[in-house]
Amino acid sequence: MYIRSTGLGKTLLKARVVKIEPTNIIPETLEHPNGSHEPTRILMVTDIIEPVNWTVRIFVEPRDLRQMLKQAFTHPSILLYALGFLFSKGEKPKPQNNEKTV
């Protein structure tokens, strides 16, 4: 995936999703709650692989997910494109430095 940020000017970041999982860790500290109640969120870990090497953690809250679904169902063409993406071959990812090619 590609990411653009207004804070980085015209820099185009290339990224890949590493994992998506439910979690109750605290976003500010990335620690598990110790005795306090922390709501469950969806954690999406993304590695920025070009032009820098960063790990980005995105904590999706229920209202964010509702907004994403609302946008998708408000504009059905988005769902059609998403279905097309699921069944397209797309570009084969290049192996990372620590991955071996066969």
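All of the numbers you see were taken from the coordinates with simple rules; none came from a lab. Values in this document were obtained by computation on a predicted structure and should not be read as measured data. Note that we place each Cβ from the backbone using ideal geometry, even for glycine, and neighbour counts take in every protein chain shown.
Overview of results
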quantity	calculated
Estimated dipole of the chain in Debye, rounded to 20 [Cβ of Lys and Arg +1, of Asp and Glu -1, Cα centre]	480
Listed residue (Asn34, Ile78, Val18) projecting farthest to the positive dipole end of the chain, Cβ model	Ile78
Calculated P(r) over Cα pairs in 5 Å bins from 0, in percent (choose from (1) 2, 10, 12, 11, 9, 8, 8, 8, 8, 9, 7, 4, 3, 1; (2) 2, 12, 25, 25, 20, 11, 4, 1, 0; (3) 2, 9, 13, 16, 20, 19, 11, 7, 2, 0), label	(3)
